[in-house]
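Below is one structure, written out as structure tokens; comments come after it.
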Amino acid sequence: MSIEQSQQFEEIVRRVIAELGVRPASDAPQQAATPEPRRGQQEQEAEAEIPDIRAVDYRQVDALPISDEFARLKARTWARLGQGRTGPRYTTAAQLRFWADQAAAMDAVFTDVASDWLEHAGLFTVQTKCRSKDEYLTNPELGAQFDDAVIAEIKQRCQSKPEVQVFVADGLSSTSVEANVAELLPALDQGLKLHGLTMGTPFFVKYGRVRSMEPISEALGATVTCVLLGERPGLASAESLSAYLAYQAKVGMSEAERTCVSNIHSSGSNPIEAGAHLADLIAAMIKQKTSGIHLEL
């Protein structure tokens with residue numbers, strides 16, 4: 001793309017963002033007498049001036065003349081309703097937002113949880129038999145298995161026979177882990193204490209899937225096991241976290257024996273409230289000695 005084409009594209013993006021009501025970071029007019037900047041500097045200045053289009057709540061954007069009833073419906077769903085069109089195509093604003101949301105979803109899947117975040121959270125890390133992200137995505141079975149040395153490390157570093165064993169797994173969204181776990185874990189721990197229950201040693205599983213809870217539960221002899229796992233991101237949110245819980249989880253258990261709380265994020269189930277809810281569920285599991293479809297709520 002030539003410099004002229006790049007400038008034309010940037011001007012289109014600015015106009016679209018202006019139509020959406022987002023104020024640029026800097027409205028200062030450019031001086032005509034400034035020398036032509038180097039290409040790298042020009043790109044950096046353009047990125048600094050153009051805000052994140054994903055900051056706009058597209059549920060509140062009226063691209064079309066719509067009725068009050070339709071506006072109320074649109075405000076209650078993340079479906080892309082009433083986005084408008086130009087001929088047979090989406091409007092430029094709608095298309096740019098779609099691409100931006102798609103990019104955020106891809107980043108959530110392919111980016112690892114930051115090591116400094118894990119250090120700050122106080123979680124040690126173990127890894128499943130997957131050796132790379134590609135292997136994790138193409139061979140789901142390995143995301144539920146551990147080498148013997150890893151199981152030995154878990155036994156060494158974690159409390160044996162905990163009432164509640166909680167661990168975090170990246171799953172399909174590292175973004176959701178970093179966005180929600182720091183608030184959810186303390187709320188869960190406090191909720192368990194109110195029920196007179198104790199949490200074992202939390203840790204992080206890299207390339208982990210839901211069924212990774214089974215060998216961990218067996219190794220530690222946990223009464224209830226809970227995995228906080230990044231869910232497959234959608235175009236509405238790349239930060240959705242889920243919690244999967246099971247009473248005395250065993251390798252090969254059926255999915256019906258698991259309980260799931262999903263859609264944990266800032267625009268869904270608030271992570272602090274979700275932590276309190278999980279504590280109530282765990283207390284019910286221990287009292288009834290079951291989980292999944294047999295749990296009465």
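The values are calculated or read from the model by the stated rules, or taken from the named source; none is laboratory data. These numbers come from a predicted model, not from an experiment. For neighbour counting, all protein chains shown are included, and Cβ atoms are generated from backbone atoms with ideal geometry for every residue, glycine included. Note: accessible area is taken over every heavy atom of the protein model, side chains too, but ligands, DNA and RNA are not part of it. Shrake-Rupley method; radii C 1.70, N 1.55, O 1.52, S 1.80 Å.
Values computed for the structure shown
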quantity: Residue list for segment 265-297, filter: of a type in the set (A, V, I, L, M) and at pLDDT below 95; calculated: Leu297
quantity: Any hit, segment 21-38, residues being at pLDDT 65 or above and surrounded by 13 or more Cβ atoms within 10 Å (Cβ to Cβ); calculated: no
quantity: Where a residue in segment 256-276 is among the hydroxyl-bearing types (Ser, Thr, Tyr) and its partner, wherever it lies, is open to solvent by 70 Å² or more (accessible area, probe 1.4 Å) and outside any loop (DSSP other than H, G, I, E, B), with Cβ under 7 Å and at least six apart; calculated: Ser269/Asn263
quantity: Hey, Glu273 part of a helix (DSSP H, G or I) and surrounded by fewer than 17 Cβ atoms within 10 Å (Cβ to Cβ) or not; calculated: yes
quantity: The one condition in (1) touching a strand residue (DSSP E or B) at 6+ places or on another chain (Cβ under 6 Å); (2) among the aliphatic types (A, V, I, L, M); (3) buried (at least 21 other Cβ atoms within 10 Å of the Cβ) that Ala238 fails to fulfil; calculated: (1)
quantity: Ser237 being in contact with a His (Cβ under 7 Å, 6 or more places away or on another chain) and not charged (D, E, K, R); calculated: yes
quantity: Verdict on Val181 being touching a residue at least 40 places away in the same chain (Cβ under 8 Å), open to solvent by less than 20 Å² (accessible area, probe 1.4 Å) and in contact with a Cys (Cβ under 8 Å, 6 or more places away or on another chain); calculated: no
quantity: Positions within segment 241-253 being aliphatic (A, V, I, L, M) and open to solvent by less than 20 Å² (accessible area, probe 1.4 Å), in sequence order; calculated: Leu241, Ala243, Leu245, Ala246, Ala249
quantity: Strands (runs of 3 or more DSSP E) within segment 148-265 that include 2 or more residues farther than 25 Å from Lys289 by Cβ; calculated: 164-169, 204-206, 259-264
quantity: Check on Ser212, under 23 Å from Gly268 (Cα atoms), buried (at least 24 other Cβ atoms within 10 Å of the Cβ) and among the hydroxyl-bearing types (Ser, Thr, Tyr); calculated: no
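Yes or no, residue by residue, for (1) of a type in the set (Val, Ile, Thr); (2) touching a Phe, Trp or Tyr at 6+ places or on another chain (Cβ under 7 Å); (3) open to solvent by less than 80 Å² (accessible area, probe 1.4 Å):
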site	(1), (2), (3)
Ala75	no, no, yes
Leu81	no, no, yes
Thr91	yes, no, yes
Ala94	no, no, yes
Arg97	no, yes, yes
Ala104	no, no, yes
Thr111	yes, no, yes
Ala114	no, no, yes
Ala121	no, no, yes
